[in-house]
Structure formats: C-alpha cells, structure tokens
Amino acid sequence: DLPREQLRVGVWSGVVRLENVRLKPAAFDHLKLPFAVREGTIGLVELKLALKTVLLSARQHPFVITLDAISVTASPRAEDEWAAEPAAKRALALKRAALAAAAAEIAATKKRKGRSSAPASSSAVLDALWAPLLDRLRLKV
C-alpha cells in the first residue's frame with residue numbers, strides 16, 4: 001500500500017526512491033528482538049541499480065541501498081508477548097528464513113560450479129536471481 005507520491009522511479013538512471021515509508025511493527029516480530037517496535041518511518045529509501053549492474057559480473061558493479069532519516073519507536077516486550085504461541089510463530093518464521101537463505105546459497109554454489117540445473121519452481125527461480133544480487137548489495141545508512 002504505497003501512494004504514488006512516495007515513489008519515484010528513474011528507469012534509465014536505475015534509481016528507485018521511496019519517501020516517508022512507514023514501518024509495519026509486525027514485520028519485526030520474527031527477529032526475536034528484546035524490544036517491540038511500536039511505530040517507525042524511514043524518510044528516504046533509495047535503490048541504485050542500473051541495468052548494466054544486473055547484466056554484468058557480480059563484483060564489478062554493486063548496487064546500493066541508501067536509508068536516511070530513520071525513526072523508530074520501541075518499547076520493552078511485555079511478558080505475555082513471549083508466551084508460547086507468539087514464540088512458536090517467531091521460531092517458525094526464523095526457520096523459514098534460514099531455509100530460504102540456505103536454498104539461495106545452494107543455488108549460488110551450483111551456479112558458480114557450473115552445474116546450472118533448471119529450477120523446479122518459481123521460488124527457486126527467484127532464489128537463483130536474488131543470490132547474485134545479494135552478493136553485490138552495499139547498504140548505506
């Protein structure tokens with residue numbers, strides 16, 4: 001749910017800008033933080049990813065994500081927030097994230113070794129695309 005006023009896309013320049021992005025507190029629950037994120041905003045999210053960056057070799061052309069004017073309101077977690085059910089949901093989310101990361105690493109390793117097999121599903125295709133991009137990621141805060 002992103003208003004068009006907040007999004008600026010430069011197709012030829014390869015720059016995508018999001019302004020005044022509101023954070024969803026529930027997005028941080030699976031991280032098992034000792035505090036709860038209540039609300040937050042990021043004044044600017046900028047992604048610089050030129051077409052040549054995607055097409056050329058991995059380490060020569062990194063892409064850059066810039067975050068600016070980050071504001072987060074957090075509070076200590078209440079004891080009932082660490083009850084069995086929320087903790088189980090967080091544990092499941094962590095396991096899924098670990099599996100996704102492992103699958104991406106396996107796909108990247110196979111690609112590097114030249115054993116490129118056809119991906120079995122659309123998620124495998126996405127994993128194969130994300131792995132080289134994540135290798136080139138540079139984050140500026």
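The values are calculated or read from the model by the stated rules, or taken from the named source; none is laboratory data. Treat the numbers as computed from the prediction; the structure is a model and nothing was measured. Each accessible area value is taken on the protein alone, full model and side chains, heavy atoms only, with ligands, DNA and RNA left out. Shrake-Rupley method; radii C 1.70, N 1.55, O 1.52, S 1.80 Å.
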Requested in this report: Scan region 33-53 and give yes if some residue there is at pLDDT 80 or above, in a helix (DSSP H, G or I) and under 30 Å from ALA91 (Cα atoms), otherwise no.
Outcome: no
Query raised in the report: Can you tell me how many residues in region 12-32 are outside any strand (DSSP E or B) and modelled with pLDDT of 85 or more?
Result: 6
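To keep it simple, each residue is scored yes or no on (1) open to solvent by less than 100 Å² (accessible area, probe 1.4 Å); (2) assigned to a helix (DSSP H, G or I); (3) of a type in the set (A, V, I, L, M); (4) at pLDDT 80 or above.
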{"residue": "LYS95", "(1), (2), (3), (4)": "no, yes, no, yes"}
{"residue": "ALA101", "(1), (2), (3), (4)": "yes, yes, yes, yes"}
{"residue": "ALA104", "(1), (2), (3), (4)": "yes, yes, yes, yes"}
{"residue": "LYS111", "(1), (2), (3), (4)": "no, yes, no, no"}
{"residue": "SER117", "(1), (2), (3), (4)": "yes, no, no, no"}
{"residue": "VAL125", "(1), (2), (3), (4)": "yes, yes, yes, no"}
{"residue": "ALA128", "(1), (2), (3), (4)": "yes, yes, yes, no"}
